[in-house]
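Note sheet for the following structure.
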Amino acid sequence: MKLESPSFENGGTIPKKFGYKNGNVSPSLIISDIPESAKSLALIMDDPDAIGAVGKVWVHWVLWNVSKDIKKINENSIPENSLEGETDFGEIGYGGPAPPDKEHTYIFKLYALDTVLNLERNSTKADVEKSIQGHIIAEAKLTGKYAPQ
């Protein structure tokens, strides 16, 4: 399985408009090579570099029950019938990069699952991670860097 973005290269710089304080628009994502046995997809975007600044991995986006037939998540949108959870901003939906100190690396983790998750809309990353245990059949990762503006 593969996860890419037409908005930035893997390991490259995430454009300013995707930042929390600069538009807070979610980037377009391209998904390919999804296993045929997948029943749904889940996506988690977080910032492990935030540990140094705020003492924990900061959660920026939690999305699940994405159709296994999806090939693209359009910019500033979520796929039909998928659900978004709560970020560490205390909000539902995408919360863009907002490093408080220096350039951070953001990780988009995509999971192909052998099930559809039975979670409420305001669920958290911890809820999703607990629910996907034992159900992951493939993973893909995309990283991007973002510095304070």
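Quick notes on this structure:
- Any hit, segment 72-79, residues being under 16 Å from Ser26 (Cα atoms), in a loop (DSSP other than H, G, I, E, B) and under 12 Å from the mean Cα position of the chain (by Cα): yes
- Residue within segment 115-136 that is among the β-branched types (Val, Ile, Thr) and in a strand (DSSP E or B) present: yes
- Of the criteria (1) out of contact with any helix residue (DSSP H, G or I) (no Cβ under 7 Å at 6 or more places or on another chain); (2) of a type outside the set (Ser, Thr, Tyr); (3) modelled with pLDDT of 95 or more; (4) within 23 Å of Phe18 (Cβ to Cβ), which one Val116 fails: (4)
- Criterion (closer than 21 Å to Pro15 by Cα and either free of Cβ contacts under 8 Å to residues at least 60 places away in the same chain or of a type outside the set (Asp, Glu) (or both)) met by exactly one of Lys102, Lys130, Lys71: Lys102
- Counting the residues of segment 119-133 that are surrounded by fewer than 17 Cβ atoms within 10 Å (Cβ to Cβ), modelled with pLDDT of 95 or more and either touching a Phe, Trp or Tyr at 6+ places or on another chain (Cβ under 8 Å) or within 17 Å of Val59 (Cα to Cα) (or both) gives 4.
- Annotation: of all residues in segment 73-100 being among the small types (Gly, Ala, Ser) and out of contact with any helix residue (DSSP H, G or I) (no Cβ under 7 Å at 6 or more places or on another chain), the one that is surrounded by the fewest Cβ atoms within 10 Å (Cβ to Cβ) is Gly90.
- From the options Ala42, Ala50, residue that is farther than 17 Å from Tyr111 by Cα, small (Gly, Ala, Ser) and in contact with a Phe, Trp or Tyr (Cβ under 8 Å, 6 or more places away or on another chain): Ala50
The values are calculated or read from the model by the stated rules, or taken from the named source; none is laboratory data. Worth saying up front: this structure is predicted, and the values here are computed from it rather than measured. Reconstructed Cβ throughout: ideal geometry from the backbone, glycine too, with neighbour counts over all protein chains shown.
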